[in-house]
Amino acid sequence: MSKGIDLRKAAVIGCGFVGATCAFTLMQHGLFSEMVLVDVDRARAEGEAMDIAHGLPFAAPMKIYAGGYDDLADADLVVLAAGANQKPGETRLDLLKKNAAIFRSILPELKSRNYGGVLLVVANPVDILTRLAQEFSGLPEERVFGSGTVLDTARLKDLLGQHLSVDSRSVHAFIIGEHGDSEIPVWSSANVSGMSLHRICEMRGFHDHEKAMREIGESVKNSAYEIIQRKKATYYGIAMAVQRICEAVMRDEKSILPVSNALHGEFGISDVSLSVPAIVGAGGIERITPIGLDGDELSRLRASAEILKNTMAELR
Ligand SMILES: NC(=O)c1ccc[n+]([C@@H]2O[C@H](COP(=O)([O-])OP(=O)(O)OC[C@H]3O[C@@H](n4cnc5c(N)ncnc54)[C@H](O)[C@@H]3O)[C@@H](O)[C@H]2O)c1
């Protein structure tokens, strides 16, 4: 490496809708100088690498190619998007079994090559698969985490921004818990640039707060179902969420993001991976931030943890 030049390498495992869109988004943002695409369907990875590379003259130079596990051993960050989506008639447990088997085949490949970077799990169910990835990879927990509710939080900010007619980047709020049906919007601390949600709602002429919160919370929770019903898969929003997380890691930003990570007594929860805001930087998760929750939010977070633990027990 030339002196003063910081070369950074990413890998994407699983180049379907999600993995390929993540790779495309990462290419556009110029965070990495090299990216390897890995898929059990090698031709697919090759095709995606060629297609994405053709955008390089409009972005910044980097090396993009299809490869195998030897090629990703020295990556700084691996995005794990291999896994199927839920098919009609298939239960969540069926999907989990299928994707757990895929993880069981992939992670020993990283382990045997002493992979030394950060592993970002995106495949669903992301919380359980993050837990399994920690187990199967043998990597330190702080370096293995899931995209969790970073996407759900973006959906919440988008809907609140639309509702209040303000820039969604001025909305400060989190979705925590499972990336799925038991997720929780943290209304108690939600604000728009320091203004409480209720105050800004009143200012914008909305007075039925309970109804608006219920409807927006439900909309966020059902977003994926609504999109999948219309176009069979979701990939743009998650790709932007992945890009945001990669940026926090590669630039050592110490950003606070609701990623899925292992809890050890925080919020009275242990032995499960779920999303609570955490400081994310170069080494992965630096620490969980103990944000304030009201009584209802805390009991819903604990219930979400129980649901995930029960699913894990069913899998075992
Ligand atoms: N976390 C989130 O917020 C979020 C959002 C959207 C989708 N997802 C999840 O991402 C996953 C991928 O979704 P998709 O729409 O891209 O699915 P897809 O079916 O389009 O792609 C999956 C890819 O994984 C590959 N694959 C399967 N087994 C593999 C293995 N052993 N090694 C390497 N590659 C393998 C397949 O060949 C395929 O290219 C799903 O589990 C989906 O539910 C997560």
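The values are calculated or read from the model by the stated rules, or taken from the named source; none is laboratory data. As the structure is a computational prediction, the values presented were derived from the model and not from experiment. So basically every Cβ, Gly included, is an ideal-geometry build from the backbone, and we count neighbours across all protein chains shown. What goes into the accessible areas is simple: the full protein's heavy atoms, side chains included, and nothing from ligands, DNA or RNA. Shrake-Rupley method; radii C 1.70, N 1.55, O 1.52, S 1.80 Å.
Give all pairs with beta carbons closer than 8 Å in which a residue from region 72-88 that is on the phi > 0 side of the Ramachandran plot meets a residue that is assigned to a loop (DSSP other than H, G, I, E, B) and small (G, A, S); count only pairs at least 6 apart in sequence or on separate chains.
Correct list of pairs: G83/G14; G83/A123.
Looking at region 155-176, is at least one residue under 24 Å from E266 (Cα atoms), within 16 Å of the ligand (Cβ to nearest atom) and charged (D, E, K, R)?
no
What are the residues in region 134-153 that are within 10 Å of the ligand (Cβ to nearest atom) and either surrounded by fewer than 21 Cβ atoms within 10 Å (Cβ to Cβ) or among the small types (G, A, S) (or both), if any? First the steps, then the outcome.
Initial filter on region 134-153 (within 10 Å of the ligand (Cβ to nearest atom)): 146-152.
Residues satisfying the conditions are G146, S147, G148.
One residue is enough: does region 271-278 have a residue meeting the conditions open to solvent by 70 Å² or more (accessible area, probe 1.4 Å) and either on the phi < 0 side of the Ramachandran plot or β-branched (V, I, T) (or both)? Step through it out loud before you land on a result.
Let us first name the residues in region 271-278 that are open to solvent by 70 Å² or more (accessible area, probe 1.4 Å), namely 271.
Add one more test, that the residue is either on the phi < 0 side of the Ramachandran plot or β-branched (V, I, T) (or both), and what stays is none.
Checked region 271-278: no residue is open to solvent by 70 Å² or more (accessible area, probe 1.4 Å) and either on the phi < 0 side of the Ramachandran plot or β-branched (V, I, T) (or both).
Scan region 3-15 and give yes if some residue there is more than 16 Å from the ligand (Cβ to nearest atom), of a type in the set (A, V, I, L, M, F, W, C) and part of a loop (DSSP other than H, G, I, E, B), otherwise no.
Of region 3-15, the ones more than 16 Å from the ligand (Cβ to nearest atom) are 3-9.
Subsequent filtering for residues that are of a type in the set (A, V, I, L, M, F, W, C) retains 5, 7.
Right, trim to part of a loop (DSSP other than H, G, I, E, B) and you get 5, 7.
So far as region 3-15 goes, yes, one or more of its residues are more than 16 Å from the ligand (Cβ to nearest atom), of a type in the set (A, V, I, L, M, F, W, C) and part of a loop (DSSP other than H, G, I, E, B).
Given (1) without any contact (Cβ under 8 Å) to a residue 40 or more places away in the chain; (2) β-branched (V, I, T); (3) not in a helix (DSSP H, G or I), identify the lone condition not met by I176.
(1)
Quick test of your reading of the structure: R244 fulfils all but one of (1) over 13 Å from the mean Cα position of the chain (by Cα); (2) open to solvent by 50 Å² or more (accessible area, probe 1.4 Å). Name the failing condition by number.
Checking R244 against (1) over 13 Å from the mean Cα position of the chain (by Cα); (2) open to solvent by 50 Å² or more (accessible area, probe 1.4 Å), the one that fails is (1).
Can you work out which of the residues in region 98-112 that are in contact with a Gly (Cβ under 9 Å, 6 or more places away or on another chain) and near the ligand (Cβ under 8 Å from one of its atoms) is farthest from D41 (Cα to Cα)?
N99
Give the residues of region 75-97 that are more than 8 Å from the ligand (Cβ to nearest atom) and at pLDDT 95 or above, sorted by residue number.
Narrowing region 75-97 to residues more than 8 Å from the ligand (Cβ to nearest atom): 75-80, 87-94, 96-97.
A75, D76, L77, V78, V79, L80, listed by residue number.
Being under 14 Å from the mean Cα position of the chain (by Cα) and either farther than 18 Å from I245 by Cβ or outside any loop (DSSP other than H, G, I, E, B) (or both) is the requirement here; does R131 meet it? Explain how you work it out, then say what you get.
Working: under 14 Å from the mean Cα position of the chain (by Cα): yes; either farther than 18 Å from I245 by Cβ or outside any loop (DSSP other than H, G, I, E, B) (or both): yes.
Yes; evaluated as a whole, the condition is true for this residue.
Taking only pairs six or more apart or across chains, which ones have beta-carbon atoms under 8 Å, a first residue in region 30-50 that is within 9 Å of the ligand (Cβ to nearest atom) and of a type in the set (A, V, I, L, M), and a second residue that is open to solvent by 10 Å² or more (accessible area, probe 1.4 Å) and in a strand (DSSP E or B)?
V38/A66; A45/A66
The conditions are (1) within 30 Å of R92 (Cβ to Cβ); (2) surrounded by fewer than 18 Cβ atoms within 10 Å (Cβ to Cβ), and P258 fails exactly one of them. Which is it?
(2)
Within the group V144, V121, V150, which residue is touching a Gly at 6+ places or on another chain (Cβ under 6 Å) and at pLDDT 95 or above? Steps first, answer last, please.
Values: V144 fails: touching a Gly at 6+ places or on another chain (Cβ under 6 Å); V150 fails: touching a Gly at 6+ places or on another chain (Cβ under 6 Å).
Checking each option against the conditions leaves just V121.
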